[in-house]
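A short write-up of the structure that comes next.
A short reminder: the numbers here are calculations on the coordinates, not readings from a lab. If you're wondering where the values come from, they're calculated on a predicted model, not measured in any experiment. Note: ideal-geometry Cβ built from the backbone for every residue, glycine included; neighbour counts use all protein chains shown.
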Amino acid sequence: MEPFVHVREYPFVICKTCQFACVTDEVAGHLRRWHDSIQASERAEISQAVQQIPGTIRDQFGLRAFQFPPPSVQPVPFIIPPEPDGLRCAECPFVTRNVRGMQGHCRKAHGWRNEWQKGGNVAIKAKEAREVPWTTGILCQRFFWSRVASGWFEVGRVSEVAAYPAVEASTAVETIEQRVTRVHQAQAARFEAKKKQLVQAGDEKAEPSPWLRRVGWAGHLQGLDQDRLRSSVAAIGEGEPVLQRMWESFRRVMERVRAAAVAGRVGLAVLFEINRKEAHVKPSKPFDSRVEDDTWERYKERTQDWLDAERPPYEFTKQQADLFDRFKETVEEAVEQGADLDQGMVDRLCLDMMVAFLDHPFKDSHYESAIISGLAVMGLRDDGGWARPEDYTPVYSAVIKVARMLVVYQAVLEREDAIAKKEEIMSEEEARAAAPGLFRLVRGKVQRFMTIVTDTSEPAPMDWMFDARTYGMRIRFTTLATGGIDWQGDRITYQRLRFSMGALADMVHELIREMKGVLGALLMVEEDNFNAVPAIDWERFKDDHSEDRVGYSFLQDDRNVWVARGHGWVLGQMLRRADKQAEWVAGAADGAIPYRADAVRGHPFSKLLPTRVHDPTFILAPSSEPMQPMRIA
């Protein structure tokens, strides 16, 4: 049933790879979309196995009756670990991680009124304590990324008895062991959340990937919350009616542009023109809008993603802002009033807005463009890493193809508008002759913003996408591995350093001896008592060398079930041994940090490990001494 697992307490399965739950009827689709390396026959077997699990919820409708677990429940395994920054409503179990979302909930559900008013001395007001009807800093998880039951829920709440200091002798008090365990788990959750929360940008000169240096995604998105960025390109949930209606409009437009960009409707001359990549070079073949139905669905999803992506630091032009505001406000008004939309008007606003995003000459950075910025968000993987060029260039192809269709369809409507206006003062035949031709309308747009930049034009999103796609497709064929090590007999040369295999073996043996002592101190065992440490099952040791997720190691490989024996072992060793507990744990049962500061400062981990294990630049220098490490600059 891999990659799914069923936790008996919950009525659905969980994908251990994606770390999200899935209802029974959507298992096959989930595998097809996110695990396309699994063969169709195997997908069918997995889906059938899930169908046979009794008591599971089959579809989104069934999730409506699902109740979240109580806040005292332990963190749910296999889904993403708890986030430490949750907000819990004081009046009901509602949980979110967004202050604005909590404010909206409190206003609608409980009639709360925000006392913070605009104006006045903002600096002074910001320092004033304000009472709010929610609690901060709770641990929370969620089962689903979007749609029904995708909300956050609290986990790991300490009982009311154990949460506060005792005031009477009969009141139960949290023991030192319980406090240490609780704080340790909370710190681990905060560490993991902080590590993955924000996009990190490294030194551009030191970036080893020429692809990432070229696209500059990390620099553009630096400091932004990864979860919020990924949620901006996730599927639209049922609780987002305005976005749902906007997306429905976009789907209608997409079906019309697909039907319009064919030779029988617009002629071959127009299709040759829209397929132009270079302004002064006629393409060798016309634009072909034919795609398989499943490919077309993926193209629409890709284009929806950059339509929804917000809010990296891009900038709307005045035309884009006006069209976006009119489009969104028209839909919002209809949703609030429960009225039917004027689909013709809304769809035209949607079309004009999309083409306006393409017609965006760069004045400064290319990341001024909402399209290029949205494409950067789509390059962020679920594990916090970045998409590889061989996986990402199809995204550029999808957006480029859809962009060409949108331009052709807009030109068709503009010609129809011009004909209708002229028919007010002349016959239809005269109006059709006097109105601008379709080819001329398409050529004007192509020359302005649909080709690679020329001497007389300014760069636009299409120019950037053409270059990035070409670079991505060629990079694996043109990038050669640099030579680093020369091996002659038993002597190795690295840059200007030379050493023998015997000297290297001596260094490794000495390193092992030294690290065994450090490991003993870390595990709180003496050298003659290493048998008490959980053993590594070398015969069942598994690793996936093709896995490139950020932070991946064999410890995350679900086939290594023996790793579970080591979870919490050191903490247990500290609490089991009276001498270690006295050495490490502060005696009082209150306070946020349960460890003695002198024990932490004196721990050998912070002194030896960074210079022996974490620093790969140490290597044996040419010397008669068997152990003389040297740092390579």
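Brief remarks follow.
- Separation of the Gln581 and Glu458 label points, Cα + 7 Å toward Cβ, nm: 7.1
- Extension gain for the segment Glu333 to Val262, taken as residue separation times 0.36 nm less the Cα-Cα distance, is 22.0 nm to one decimal.
- Placing unit charges on each Cβ (+1 for Lys and Arg, -1 for Asp and Glu) gives the range 318-438 a dipole about its Cα centre, and among Gly374, Ala420, Phe324 the Cα reaching farthest toward its positive end belongs to Gly374.
- In nm, spacing of pseudo-spin labels at Leu504 and Val73 (7 Å Cα→C-beta vector): 5.2
- Difference of contour (0.36 nm per residue) and Cα-Cα distance, Arg290 to Asp340: 14.7 nm
- Among 335-341, 214-220, the order from most to least packed when residues are scored by Cβ within 10 Å on average: 214-220, 335-341
- About the Cα centre, charge dipole magnitude for the range 4-63 (Lys/Arg +1, Asp/Glu -1 at Cβ), debye: 80
- Vicinal HN-Hα couplings computed from phi for the range 5-17 (Karplus, 6.51 cos²θ - 1.76 cosθ + 1.60; Hz; Gly/Pro x): 9, 10, 8, 4, 6, 10, x, 7, 9, 10, 7, 6, 6
- Coupling constants for the range 357-372 follow from the phi torsions by the Karplus curve (6.51 cos²θ - 1.76 cosθ + 1.60, θ = phi - 60°), and in residue order they are 4, 6, 8, 9, x, 6, 8, 10, 7, 5, 7, 5, 6, 5, 5, 5 Hz; glycine and proline get x.
- Förster radius 41 Å - calculated FRET efficiency between Ser146 and Ala420, Cβ distance, rounded to 0.05: 0.50
- Under 5 Å from the amide H of Ile57 lie the amide H atoms of Phe12, Thr24, each residue being 5 or more positions distant or on a separate chain, with H modelled from the backbone and absent for Pro and chain starts.
- For the range 205-478: rounded, prolate or oblate by the Cα gyration tensor [a/c cutoff 1.5]: oblate
- Packing, taken as the mean count of other beta carbons within 10 Å per residue, orders the peptides 562-569, 279-286, 438-445 from highest to lowest as 438-445, 562-569, 279-286.
- Under a model in which nothing but the beta-carbon of Lys, Arg (+1) and Asp, Glu (-1) is charged, the range 241-280 shows a dipole of about 140 debye around its Cα centre.
- Cβ-derived FRET efficiency at R0 30 Å, Gln447 paired with Glu255, nearest 0.05: 0.60
- A Förster distance of 22 Å, applied to the separation of the beta-carbon atoms of Arg100 and Gln222, puts the FRET efficiency at 0.45.
- Rounded to the nearest Hz, the phi-derived 3J(HN,Hα) couplings of the range 212-218 under the Karplus curve 6.51 cos²θ - 1.76 cosθ + 1.60 (θ = phi - 60°) are 5, 4, 5, 7, x, 4, 4, where x marks glycine and proline.
- Annotation: peptides 101-108, 403-410, ranked by per-residue average of other Cβ atoms within 10 Å with the highest first, follow the order 403-410, 101-108.
- Theoretical gain in end-to-end length, His35 to Asp557 [0.36 nm per residue, Cα-Cα removed]: 186.3 nm
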